[in-house]
1. Taking the residues in segment 119-137 that are part of a helix (DSSP H, G or I) and touching a residue at least 12 places away in the same chain (Cβ under 8 Å) as candidates, determine which candidate is surrounded by the fewest Cβ atoms within 10 Å (Cβ to Cβ).
2. Do you know which residues across segment 93-113 are modelled with pLDDT under 90 and surrounded by 16 or more Cβ atoms within 10 Å (Cβ to Cβ)?
3. Of the numbered conditions (1) part of a loop (DSSP other than H, G, I, E, B); (2) modelled with pLDDT under 90; (3) touching a strand residue (DSSP E or B) at 6+ places or on another chain (Cβ under 9 Å), residue 116 satisfies every one except a single condition; which is it?
4. Quick check, is residue 74 in contact with a strand residue (DSSP E or B) (Cβ under 9 Å, 6 or more places away or on another chain), surrounded by fewer than 12 Cβ atoms within 10 Å (Cβ to Cβ) and not in a loop (DSSP other than H, G, I, E, B)?
5. Report, ordered by the first and then the second residue, all pairs with beta carbons closer than 7 Å, sequence separation of six or more or different chains, a first member in segment 88-100 that is assigned by TED's automatic domain parsing to the domain that holds residue 112, and a second member that is part of a helix (DSSP H, G or I).
6. Taking residue 84 as the residue in question, decide whether it is modelled with pLDDT under 90, in contact with a helix residue (DSSP H, G or I) (Cβ under 8 Å, 6 or more places away or on another chain) and under 14 Å from residue 72 (Cα atoms).
């Protein structure tokens, strides 16, 4: 019976067992086809359904990870936020704030602004015209 190894130790919110189909890969722009991961009820079911001859392998999928909270020194998000509505922008800025260490930098696009978001107090201007901000560590988001 195939084994499942957890290579990376991380603090994750959820872990599930799955069966992963890995086709014979040829040169392609896409790594894997759509629908190549199948959620399983448990470890035993994933191991039992595995068949290496058919490129089916058991896996333990962990995520999302909380291991990056407060560890990022720089986040660059140029010209993406303009396509989000205000609510989604606020969620993204809150995630950026939580991910940046104190004094970490956030760079956004020239047409974007953090000043009208719920997180505006959590960042200070570094280069205003270049839209570069620094997290001040204020937990106001």
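1. Residues of segment 119-137 part of a helix (DSSP H, G or I): 120-122, 128-130.
Applying the additional criterion that residues be touching a residue at least 12 places away in the same chain (Cβ under 8 Å) yields 121-122, 130.
On the way: 121: 14, 122: 24, 130: 11.
That would be 130.
2. Residues satisfying the conditions are 96, 97, 98, 99, 100, 104.
3. (3)
4. Numbers: in contact with a strand residue (DSSP E or B) (Cβ under 9 Å, 6 or more places away or on another chain): yes; surrounded by fewer than 12 Cβ atoms within 10 Å (Cβ to Cβ): yes; not in a loop (DSSP other than H, G, I, E, B): yes.
Criteria met by residue 74.
5. Hits for this filter: 89/81; 92/81; 97/122.
6. Details: modelled with pLDDT under 90: yes; in contact with a helix residue (DSSP H, G or I) (Cβ under 8 Å, 6 or more places away or on another chain): yes; under 14 Å from residue 72 (Cα atoms): no.
Here the answer is no, as residue 84 does not meet what is asked.
The values are calculated or read from the model by the stated rules, or taken from the named source; none is laboratory data. Nothing here was measured: the structure is a model prediction, and the numbers come from that model. Counting neighbours? That spans all protein chains shown, and the Cβs are built from the backbone with ideal geometry, glycine included.
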